[in-house]
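Okay, structure first, notes after.
Every number in this text was worked out from the coordinates using simple rules, so none of it is lab data. The shown structure was predicted, so the numbers you read here are calculated from the model rather than taken from an experiment. We place every Cβ from the backbone using ideal geometry, glycine too, and count neighbours over all the protein chains shown.
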Amino acid sequence: MSAHSSETISNSVLWGGDGSPFRISYGKLMMWLFLISDALTFGGLLIAYGFERHAIGSWPLAEKVFSAFPGTGTMKLPLIYVALMTFILIISSVTMVLAVEAGHRLDKKKVKKWMILTVIGGLFFLLSQVWEWSHFIHGSGGYITTTTGEYYHFDKDYGFHEGDVAHMEFTNEMALVQNKYGMGESLTLSNEESKKIFDQRVDFFHGANLKRNEYHPGHPQYANFFFFITGFHGFHVFSGVVINFLILLQVMKGTYDKRGHFEMVEKSGLYWHFIDLVWVFVFTFFYLV
Amino acid sequence: MERDDLIRDHEYSVAANHDEAHGVATRKSITFVTILLSVLTIVEVGIGWVISRDHSTMWAMTKIALIIMTLVKARYIVMSFMHLGEERKNLKKTIIIPYIFFMVYMITLIILLESNYVNTVILQQELVTP
């Protein structure tokens, strides 16, 4: 040990106590630390999701649950809307990184332009998520429970409500579907067969809330994880849009010109890219696999 | 009180490395990453559309491919968009290595082992003896 202590260490490798050992400013380092802890939170949510999904064994297929697109009626376009949302978020991440790059060159006009586009992209994503949530909560047809405790879904939305179980009327165009959301072979029954099963109904439910959902009858976890994971992410997008907007106001006011650097843009950029990063994982694990 | 939003280290200072030429190179890499992320997303959705989700080996392989594509996307977002690739090595390691360790053991112990135990031992038994 004495040999070690007598060794002289070159000053070029020593941190002299001035500046940061990571050669990164205080604010950026703190943002990274915050992002690490936030990543652990999202990691925890996704881990819990993976655990429940494998422990339960059966799970609805995302391509059957998320197959609607605004303005196309009952057309089946599996995952196209989510892909569009993903694309919007990626593009708004790109405009953010362009704002950061313009900030490095102290180009205030460009920073302003890219920040405005980033805020618009974020708002677009938020509105898409509002539509997605409202569609998910409303559901697409609902299901009946028979006297034997089996579940049958309606093929389309016929506008029934939970209260009408006793007074629901069966018409010639209606059909019931077995395993509509893909847990097992999906099978559409004929109108006569459907009528027979329909007469044995004891319960009707459509849409989703924290206690029940039509996508995975008997298991609230599916909707719960949808609400918590996309909701927590959506909350991050919301706060990201607010932060970006406030930074944009500061850019327009000229605060960073006076300060001599646009590091605040870089810090909010880190947060915004992190939101995109989380969505890449949510997209894969909640919607794709 | 001393301000902490000033960057004192000259090597890191904004004006030092960020001239117009550097900007051109940065924008070039941004374009590359944008195209890569878009293409990967389109491929992911395309695969999800073409290959049916059943219990086949084909789908199991596809899942692994999708996860690898996700990790590639994540790498480019963190290293290029968040500029972690340009930071010092010690910062990179401080951020990435603990997280990877944490995730690996959480995935192995909770998602793979514990969930399998709950599924086969607890839930399946409940089905047999209600």
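Given C-alpha coordinates of the range A:12-128, what is the ratio Rg to Rh with the Kirkwood estimate of Rh? Spell out each step's value before the answer.
Numbers: Rg = 21.0 Å, Rh = 18.5 Å.
On the Cα set of the range A:12-128, Rg over Rh gives 1.13.
Other residues lying with their Cβ under 13 Å from the Cβ of A:GLN200 contribute a combined charge of -1, Lys and Arg counting +1, Asp and Glu -1.
For B:ILE68, neighbours were defined as the other residues whose beta-carbon sits under 15 Å from its Cβ, and their charges (Lys and Arg +1, Asp and Glu -1) total +2.
Each 10 Å bin from zero up to the one holding the largest Cα-Cα distance in the range B:88-130 carries the following percent of pairs: 25, 28, 21, 14, 9, 3. Length gained on full extension, A:SER186 to A:LYS110: 22.1 nm, using 0.36 nm per residue less the C-alpha separation. Applying Stokes-Einstein at 10 °C and 1.306 mPa s to the Kirkwood radius of the range A:196-289, computed over alpha-carbon pairs, gives a translational diffusion coefficient of 95 µm² s⁻¹.
For the range A:188-196, the Karplus equation 6.51 cos²θ - 1.76 cosθ + 1.60, evaluated at θ = phi - 60°, returns couplings of 8, 7, 6, 4, 5, 4, 4, 4, 4 Hz by residue, with Gly and Pro reported as x.
Only counting other Cβ atoms within 10 Å, I'd like A:HIS206, A:HIS261, A:HIS161, B:HIS55 sorted with the fewest neighbours first. Show your work: numbers first, answer last.
Values: A:HIS206 23, A:HIS261 20, A:HIS161 11, B:HIS55 7.
Ordered by Cβ neighbours within 10 Å, fewest first: B:HIS55, A:HIS161, A:HIS261, A:HIS206.
In the structure shown, the pairs B:LYS63/B:LYS93; A:LYS76/A:LYS156; A:LYS112/A:LYS258; A:LYS109/A:LYS253; A:LYS156/A:LYS180; A:LYS109/A:LYS258 are assessed against 18 Å; a Cα-Cα span above that value is assigned to B:LYS63/B:LYS93.
With a 10 Å cut-off around each Cβ of A:37-47, the average count of Cβ atoms from other chains is 3. Of the trypsin sites (Lys or Arg not before Pro) found in the range A:145-241, those in coil by DSSP whose Cβ has at most 10 other Cβ atoms within 10 Å are A:LYS211. Each Lys or Arg adds one and each Asp or Glu subtracts one; over the other residues with Cβ under 14 Å from the Cβ of A:TRP114, this totals +4.
With a 10 Å cut-off around each Cβ of A:169-180, the average count of Cβ atoms from other chains is 0. Per-residue mean of foreign Cβ neighbours for B:81-89 is 6 (Cβ atoms of other chains, 10 Å radius).
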